[in-house]
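What follows is a short report on a single structure.
The values are calculated or read from the model by the stated rules, or taken from the named source; none is laboratory data. Because the structure is a prediction, the values reported are computed rather than measured. Cβ atoms come from the backbone with ideal geometry, glycine included; neighbour counts cover every protein chain shown. Remember, those area values only see protein heavy atoms, side chains included, never the ligands or the DNA or RNA. Shrake-Rupley method; radii C 1.70, N 1.55, O 1.52, S 1.80 Å.
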Amino acid sequence: MTQPHTHASSLGYFKWAFIVTVVGLVLGAWLGWQSTGTIGGMATVFFICTVLAVLEISLSFDNAIVNANKLKDMTPEWQHRFLTWGIIIAVFGMRIVFPLLIVVIAASIGPIDAIMLAATKPEEYARIMNDAHLPIAAFGGTFLMMVGLTYFFDHEKDVHWISWVESKMARFATIKGIEIAFVLALILGFSRLLEPADAHTFVYSGIYGLLTFLAVEVIGGLLDASQQTLDAAAKGGFGAFLYLEVLDASFSFDGVIGAFALTQNLFIIAIGLGIGAMYVRSMTIMLVEKGTLSEYRYLEHGAFYAILILSVVMYFQTLVHIPEVITGLGGAALIGISLWSSIRYNKRERQAELNGEVSHGQARVEA
């Protein structure tokens, strides 16, 4: 009797995502009609918007899990701020402003000229974006790698999914700066596979990604440390808010750049990725309010493994093209396996409790 209620309440979390989907797809179809004047062109743009939305969801599901992990420790006020202001920054900032900003810097033109370039010369706009892929991949890959390694290199972490790997990482976490040393060595190693000019750019961008992660950690730590004497909820919440915004931006790099493989139209990209971002927001809210992370023991582990895989993929994309579909499916598969492992663990625990109760009851009867 409770299952239909649970199912309905879960769908309720996606109400706004469904509304944005309908509005976005209608807007995409209208854009296709306006640009081509044909039914075929309208259907093509409609399809591209749909594929981009699915791509964004598959690439960002681990993002939703990590967001939920951070949000559960924030005050309701700061949770609300992230899920309102944060989604505006994520959709408008990363899916529209960020690609424009890259073109503004790379082409040394003004923001208005960048918008005109996107509208009138999408091929040139896409070329500039693709040329900026290497520094973006190095920066975003480094930041995400630090996020993943920091989770596993934690000496207080006592729940392990792949125990033979995670237990060793937790034990080595007592060595200060081990994850930083690992990432720096990896940056230098990858740079040797690139041409000298590209290697220089890769190393600098990777170091900036590392410094950004450390800066966010320091700022968050300082704000959290001041909570005894200042407004704890606001200050500590702001540190977590800042961390989540930079994290979301790093997740968005891959999707924004990869979207240009499907279309060179900035506005179609914004519609498709914006729809996907709304589903990520809805999944985040559901995970926080329903306590899904605590219910499924290894789900969080799967998300952080997916982050590490994504960071490595972003590094390799500086050498060879890796389809974004493979990246998304790989992350989804890891999360799916971790969910399956969590369900199996819960079944074993319930069975053990049931056997214990039966044994205890038999002992009382015999007594």
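Here are a few things to note about the model shown:
- Within the range 225-240, one or more residues are at pLDDT 70 or above and open to solvent by 30 Å² or more (accessible area, probe 1.4 Å).
- Members of the range 46-84 that are in contact with a Phe, Trp or Tyr (Cβ under 8 Å, 6 or more places away or on another chain) and either of a type in the set (Val, Ile, Thr) or open to solvent by 50 Å² or more (accessible area, probe 1.4 Å) (or both): Ile57, Val66, Lys70, Arg81
- Selected residue (criterion: modelled with the highest pLDDT) from residues of the range 120-167 that are farther than 28 Å from Lys70 by Cβ and of a type in the set (A, V, I, L, M): Leu134
- Residue in the range 325-335 that is at pLDDT 80 or above and open to solvent by 20 Å² or more (accessible area, probe 1.4 Å) present: yes
- Here Gly220 clears all of (1) at pLDDT 85 or above; (2) surrounded by 18 or more Cβ atoms within 10 Å (Cβ to Cβ); (3) part of a helix (DSSP H, G or I) except the condition numbered (1).
- Residue list for the range 94-123, restricted to those being closer than 24 Å to Thr318 by Cβ, assigned to a helix (DSSP H, G or I) and open to solvent by 70 Å² or more (accessible area, probe 1.4 Å): Leu101, Ile105, Glu123
- Enumeration of residues in the range 150-185 that are within 25 Å of Ile335 (Cβ to Cβ), aliphatic (A, V, I, L, M) and open to solvent by 50 Å² or more (accessible area, probe 1.4 Å): Ile162
- In this structure, Ala261 does not satisfy being at pLDDT 75 or above, under 23 Å from Val97 (Cβ atoms) and open to solvent by 10 Å² or more (accessible area, probe 1.4 Å).
- Set side by side, the residues Met146, Met169, Met129 differ, and just one is under 24 Å from the mean Cα position of the chain (by Cα) and closer than 20 Å to Leu319 by Cβ, which is Met129.
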